[in-house]
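Just below is one structure, and these are the notes that go with it.
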Amino acid sequence: MECVFGLVGNDYAVVVADTSAVHSILVHKSNEDKIMLLDSHKLVAASGEPGDRVQFTEYIQKNVALYQFRNGIPLTTAAAANFTRGELATALRKNPYQVNVLMAGYDKEIGPSLYYIDYIATLHKVDRGAFGYGSYFCLAMMDRHYHSGMTVEEAIDLVDKCILEIRSRLVVAPPNFVIKIVDKDGAREYAWRESVKPDVTA
């Protein structure tokens, strides 16, 4: 039931994830942020088993920080993606993580990039990508409307089209989504798209 997708624009990358924490037929919470800040210019959006997702993304985040601490320079997005793929590949032969990852980043010399890494350690650099049941609709919408050099406004409009399509077509559609963006100014939260507000009185 999870939906994670992203795309690369003119000088930025956008990643979007649903915010539902579910188990079996129960929804435990609807404000779970599944997009982690890897460092100042990298984002990791992950889907999969909740325990694996949290443990693996935190493991990657700490190791990227450790590399920067030891060497005085941050990993590039490509290097971080390859490290992530390597860790998934190593775990695949021992105790596999059920985690799919979209990694977005911005490098000064290269610009924005988006990497697709699935649970069997497949790595691809892509312009747009998606995981989960929502990917059936997101990929169709992005095939139709995506073009290189999109402005932020055009990208957010496309993201909203994807979210609307998921909500209207997927029988178990998650109600809320978080949108984050990374560009030359860094990685940051852009907006939430909520149809169910969390109960603050509970």
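Got a sec? What order do Glu194, Glu153, Glu49 fall in by accessible area at 1.4 Å, biggest, i.e. largest, first?
Numbers: Glu194 70, Glu153 130, Glu49 110 Å².
Largest accessible area first, the residues go Glu153, Glu49, Glu194.
Which loop GluC sites (Glu not before Pro) in segment 1-110, with loop taken from DSSP, have no more than 13 other Cβ atoms within 10 angstrom of their Cβ? Walk me through the intermediate numbers first.
On the way: sites: Glu2, Glu32, Glu58, Glu87, Glu109; in loops: Glu2, Glu32, Glu109.
Hits after loop and neighbour filter: Glu109.
Tell me, what are the semi-axes, in whole angstrom and largest first, of the equivalent ellipsoid of the chain as set by the roots of 5 times the Cα gyration tensor eigenvalues?
Details: eigenvalues 124, 89, 50 Å².
In descending order the semi-axes read 25, 21, 16 Å.
At 1.4 Å probe radius, can you tell me the per residue accessible area of segment 87-202 in Å²? Show your work: numbers first, answer last.
Numbers: 6380 Å² over 116 residues.
Per-residue value: 55 Å².
Hey, what's the Cα Rg ratio for segment 78-127 versus the globular rule of thumb, 2.2 N^0.38 Å? Mind dumping the intermediate values first?
Values: Rg = 11.4 Å, N = 50, 2.2 N^0.38 = 9.7 Å.
That works out to 1.18 for segment 78-127.
Taking the alpha-carbon centroid of each part, what is the distance from segment 66-85 to segment 87-112 in angstrom?
Each part reduced to its Cα centre gives a spacing of 11 Å.
So which lysines pass the test for Lys42, namely a Cα distance under 17 Å, with those fewer than 8 places away in the same chain ruled out?
Cα-Cα hits under 17 Å: Lys34, Lys62, Lys108, Lys125, Lys180, Lys184.
For the chain, which whole percent of the accessible surface, found with a 1.4 angstrom probe, sits on carbon and sulfur atoms? Each step should come with its number before you reach the end.
On the way: 5380 of 10320 Å².
After summing per-atom areas, the C and S share lands at 52 percent.
Could you give the dipole magnitude of segment 32-120 about its Cα centre, charging the beta-carbon of Lys and Arg +1 and that of Asp and Glu -1, in debye to the nearest 20? Before the final figure, lay out each step's value.
Working: 9 positive and 10 negative charges, 54 e Å.
Rounded to the nearest 20 debye, it is 260 debye.
Would segment 34-92 count as rounded, prolate or oblate if I go by the C-alpha gyration tensor, calling it rounded below 1.5 in a/c and otherwise prolate when a/b exceeds b/c, oblate otherwise? Working shown, then result.
Numbers: a/c = 1.94, a/b = 1.48, b/c = 1.31.
Prolate, since a/c reaches 1.5 and a/b exceeds b/c.
Compute the separation of the alpha-carbon centres of segment 154-176 and segment 3-55 and state it in Å as a whole number.
Distance between centres, Cα-based: 15 Å.
Please state the shape class of segment 61-158: rounded when a/c is under 1.5, otherwise prolate if a/b exceeds b/c and oblate if not, all from the C-alpha gyration tensor.
Oblate.
Residue farthest toward the positive end of the dipole of the chain, with Cβ of Lys/Arg at +1 and Asp/Glu at -1: which of Ala13, Pro74, Cys162?
Pro74
How big is the dipole moment of the chain about its Cα centre under a simple scheme where the beta carbon of each Lys and Arg is +1, that of each Asp and Glu is -1, and everything else is neutral? Debye, nearest 20, please. Before the final figure, lay out the partial values.
On the way: 21 positive and 25 negative charges, 92 e Å.
Roughly 440 debye, rounded to the nearest 20.
The values are calculated or read from the model by the stated rules, or taken from the named source; none is laboratory data. Predicted model, so just to flag it, every value in this text is computed and none were measured. All Cβ positions, glycine included, derive from the backbone under ideal geometry; neighbour counts span all protein chains shown. Areas reflect the complete protein model, heavy atoms only, side chains present, ligands, DNA and RNA absent. Shrake-Rupley method; radii C 1.70, N 1.55, O 1.52, S 1.80 Å.
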